[in-house]
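The values are calculated or read from the model by the stated rules, or taken from the named source; none is laboratory data. Nothing here was measured: the structure is a model prediction, and the numbers come from that model. Cβ atoms come from the backbone with ideal geometry, glycine included; neighbour counts cover every protein chain shown.
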Amino acid sequence: MVDFGAVLRCLRQDAGLTQQQLAQRLGVTKSVVSYYELSERSPSPEILVKLAGVFHVTTDYLLGIEHSGKTVDVSGLDSEDIQAVLHVVAALRRKHKN
């Protein structure tokens with residue numbers, strides 16, 4: 001089983017956030033973030049969704065269900081732009097398969 005606290009700590013540190021900064025984004029206290037990272041508490045479903053949004057990962061990634069949780073935020077792009085992004089991703093995947 002994946003250690004949620006360790007995943008959260010790693011994501012937070014990679015994003016260059018302090019526990020206090022993350023707490024402010026989530027609307028919780030710094031001590032709550034610390035409890036999450038120490039695996040002394042588990043986040044509510046609402047907080048889990050907020051965490052996924054902050055770090056641009058899936059909730060499944062946070063929970064250890066999938067191993068590659070990185071996502072690309074395409075909000076604000078029109079359908080033509082989204083298709084362009086998908087084509088670039090597909091081209092990069094083909095490039096790295098060879």
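Annotations for the structure displayed:
- Scanning the stretch 52-73 for residues that are surrounded by fewer than 13 Cβ atoms within 10 Å (Cβ to Cβ) and β-branched (Val, Ile, Thr), we see that the one that is modelled with the lowest pLDDT is VAL72.
- In the set (1) of a type outside the set (A, V, I, L, M, F, W, C); (2) farther than 22 Å from ASP60 by Cβ; (3) in a loop (DSSP other than H, G, I, E, B), the condition left unmet by GLN21 is number (3).
- Residue among GLU80, GLU40 that alone is touching a Ser or Thr at 6+ places or on another chain (Cβ under 9 Å) and either loosely packed, with under 13 Cβ neighbours inside 10 Å or closer than 16 Å to ASP3 by Cβ (or both): GLU40
- Long-range neighbours under 7 Å by Cβ, at least six apart or interchain, first residue among the aromatic types (Phe, Trp, Tyr) within the stretch 59-79, second modelled with pLDDT under 85: TYR61/GLY69
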